[in-house]
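**Student:** The structure that follows is given in the form of structure tokens.
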Amino acid sequence: MICKSREILFRGKPIVEEELMEPNETLKEFFKRQHGWSDYGVNEAFTDDGFVIGQVVYSHKKAWIVGEVVEAEEDYIALEYWVPVKPETVGQYTGTDIFSKGFKGVYVGDLFQDESGTVLEVIFEDKIGAFGAWRKEDEWLSVQSLKMWCELVGNKWDNPELLEVLDDEA
């Protein structure tokens with residue numbers, strides 16, 4: 001019997017020296033120009049909201065989101081892309097997608113709002129071994145429940161003002 005596992009991906013906000021970007025240049029165009037990358041794999045890597053998606057590599061308190069291995073030998077490895085990202089913005093894909101907003105994956109750090117206006121942050125809860133959010137101290141909502149009963153309103157890096165509401169309520 002073949003057991004299908006979920007896709008494990010990460011996203012992060014690229015570290016970019018703004019002064020090196022051309023006027024009206026997208027992040028994808030910038031990184032392709034800087035590194036001479038082709039469109040292969042890179043087109044799907046950059047999201048419209050400024051994240052890059054792939055696997056995560058950490059080293060010496062730095063982080064990169066990297067693409068698939070395109071070539072490997074005993075003494076080297078070549079990746080389709082590698083993008084330095086702000087480590088604090090790295091979030092894991094939950095395995096859940098939302099289609100009402102166009103195709104959008106749900107990641108750790110995304111924010112949902114319930115019918116009462118409460119903002120909930122997607123986390124991975126070690127005690128439960130699952131992705132979701134705490135509505136109150138004792139009310140856990142799985143990502144599937146969030147998807148069904150709440151609205152995706154942003155993420156904690158692009159919309160920190162939504163988390164200020166959480167802090168004010170505490």
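The values are calculated or read from the model by the stated rules, or taken from the named source; none is laboratory data. Bear in mind that the values here come from a model prediction, so they are computed numbers and not experimental data. Ideal geometry is used to build each Cβ from the backbone, glycine not excepted, and the neighbour counts take in all protein chains shown. With ligands, DNA and RNA removed, areas are computed over all heavy atoms of the protein, side chains included. Shrake-Rupley method; radii C 1.70, N 1.55, O 1.52, S 1.80 Å.
**Student:** Charges at C-beta only: +1 for Lys and Arg, -1 for Asp and Glu. How large is the resulting dipole of the chain about its Cα centre, in Debye rounded to 20?
**Tutor:** My answer is approximately 420 debye.
**Student:** A further question on this structure: How far is helix 160-169 tilted off the main Cα axis of the chain, in degrees rounded to 10, range 0 to 90?
**Tutor:** Long axis of 160-169 versus the principal axis of the chain: about 30 degrees.
**Student:** Find the relative contact order for the chain and round it to a whole percent, using C-alpha pairs within less than 8 Å whose residues are 6+ positions apart.
**Tutor:** Dividing the mean separation by the residue count of the chain yields 17 percent.
**Student:** Let me ask something else about it. Let me test this: with uniform point scatterers at the alpha carbons of the chain, what is the Debye-based log₁₀ I(q)/I(0) at q = 0.12, 0.13, 0.20 1/Å?
**Tutor:** -0.63, -0.73, -1.37
**Student:** Taking only Cα atoms and a 10 Å spring cutoff, compute GNM fluctuations for the chain and point out the largest among 143, 69, 42.
**Tutor:** For the chain, modelled as a Gaussian network with Cα springs under 10 Å, the answer is 69.
**Student:** Across the stretch 79-158, how many lysine pairs, 8 or more positions apart or on different chains, have C-alpha atoms separated by under 17 Å? Please give the number.
**Tutor:** Lysine pairs meeting the criterion: 5.
**Student:** Turning to a different aspect of this structure: Accessible area per residue for the chain in Å², computed with a 1.4 Å probe and the full protein assembly in place, what is it?
**Tutor:** 64 Å²
**Student:** Okay, moving on. Taking springs between alpha-carbon atoms closer than 10 angstrom, which of 23, 14, 160 fluctuates most in the Gaussian network model of the chain?
**Tutor:** Its mean-square fluctuation being the largest, the pick is 23.
**Student:** Tell me the carbon and sulfur percent of the accessible area for the chain, rounded to whole percent, probe radius 1.4 Å.
**Tutor:** 52 percent
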